[in-house]
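Take a look at the structure below.
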There are 2 protein chains.
Amino acid sequence: MTLAHHVPPLDAPDLDAALERLREKGLRVSASRRLVLEALYADRRPRTAEQLANGTDVASVYRNLDTLEELGLVRHVHLGHGPGLYSIDEYEFVSCDGCGAYEAIEPQRLDEARAAILQALGYHARFTHFPIVGLCEYCHAHS
Amino acid sequence: MTLAHHVPPLDAPDLDAALERLREKGLRVSASRRLVLEALYADRRPRTAEQLANGTDVASVYRNLDTLEELGLVRHVHLGHGPGLYSIDEYEFVSCDGCGAYEAIEPQRLDEARAAILQALGYHARFTHFPIVGLCEYCHAHS
DNA sequence: ATACTTGCAAATGATTTGCCAGTGT
DNA sequence: ACACTGGCAAATCATTTGCAAGTAT
């Protein structure tokens, strides 16, 4: 019922910076930890824990993603009713309720909207954990 | 991975209108169906299927909520990682990533934000299925 | 009478936990 | 060495499904 806690912005520019971050915290750079990070840095598209495990143990992957998320190296988003998607990027998301398509959005494109929300509600909004859900132009026109 | 399909706006003003809607569609007004609707109309706060079942079989409640949602009589929202919350109301939601608090918002209060989103992304946004997530004033000031 | 519905048990999907053996530092 | 990790099995939580028996219309 409660949301994930507020995490600082992601700011490890590359794999090495991320690994260094782990060491700083006294955490270990284990084989599977490195594999998860390598996969995420290699292809920045958000992916499920299952996909990241790629045949190996999913439980460890979930544990690692949790740790990495606490360190602010990884983030996850829920784009619908399926499994959560993990990524190293600072994107925000929109998804269409009609056709199911989703897009990653550069945060600055939402600054006007964020300002309007701040004005209306006093909240500093971020669409990183849940997307903005709506109808895309096509689905809006045809529904 | 796909989102719930677009549903028409909720517009059954009261319990009787809702029951009538069921009959119109050739569906039956069964005891447990009536119980779910009575509970939802009696207290408009969003509730879990478990709470609505209130000791009786949850599977039936889920089945009924599905049907009612297809008819546009009920809607559900995901406010965090817990179970979905069902309600008969047309509210939109904001929730704070810091303290976990959430609020139901009158749709018109978000019209400016909606306009900004339409302008920026071409999407007609609705915050009924996922809330706007952000930091409330207090958490923003203290984080 | 005949669909539609329920209740209960069992299945499924996503994620978490316990535990002990393995391994980075 | 020692604490941190991984693998695997089992547990948990939310939700769905199968099926025989019950009931609105």
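Table for the structure above
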{"item": "Burial order of peptide ranges B:10-21, A:65-76 (average beta-carbon count within 10 Å, highest first)", "result": "A:65-76, B:10-21"}
{"item": "FRET efficiency, 1/(1 + (r/R0)^6) with R0 51 Å, evaluated for residue A:99 and residue A:56 via beta carbons", "result": "0.90"}
{"item": "Total charge dipole magnitude, segment B:73-143, about the Cα centre, Cβ charges on Lys, Arg, Asp, Glu only, Debye to nearest 20", "result": "220 debye"}
{"item": "Computed [θ] at 222 nm, helices only, for chain B once each DSSP H run of length n ≥ 4 contributes -39500 (n - 2.57)", "result": "-11000 deg cm²/dmol"}
{"item": "Where labels lie 7 Å past Cα in the beta-carbon direction, separation of residue A:17 and residue A:29 in nm", "result": "1.6 nm"}
{"item": "Computed magnitude of the charge dipole of chain A (debye, nearest 20; Cβ of K, R +1, Cβ of D, E -1)", "result": "400 debye"}
{"item": "Among B:122-134, B:43-55, the order from most to least packed when residues are scored by Cβ within 10 Å on average", "result": "B:122-134, B:43-55"}
{"item": "Shielding score for A:94-101, defined as the mean number of other chain Cβ atoms within 10 Å", "result": "5"}
{"item": "Peptides ranked, highest mean first, by Cβ atoms within 10 Å: ranges B:93-100, A:96-103", "result": "B:93-100, A:96-103"}
{"item": "Summed residue charge, Cβ within 11 Å of residue A:110's Cβ, Lys/Arg positive, Asp/Glu negative", "result": "-1"}
{"item": "Centre separation in Å (Cα based) which lies between segment A:55-104 and segment B:61-135", "result": "20 Å"}
{"item": "Ratio Rg/Rh [Cα only; Rh per Kirkwood] for chain A", "result": "1.01"}
{"item": "Cysteines, chain B, no other Cys beta-carbon under 4.7 Å", "result": "B:99, B:139"}
{"item": "Antiparallel content of DSSP bridges confined to the protein assembly as shown, in %, to 5", "result": "75 percent"}
{"item": "Chain B - percent relative contact order, Cα under 8 Å, separation 6 or more", "result": "21 percent"}
{"item": "Cα shape, segment A:68-108, gyration tensor, a/c 1.5 rule", "result": "oblate"}
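A short reminder: the numbers here are calculations on the coordinates, not readings from a lab. Predicted, not measured: the structure shown is a model, and the values here were computed from it. Don't worry about glycine lacking a Cβ; one is built from the backbone with ideal geometry, like all the others, and counts go over all protein chains shown.
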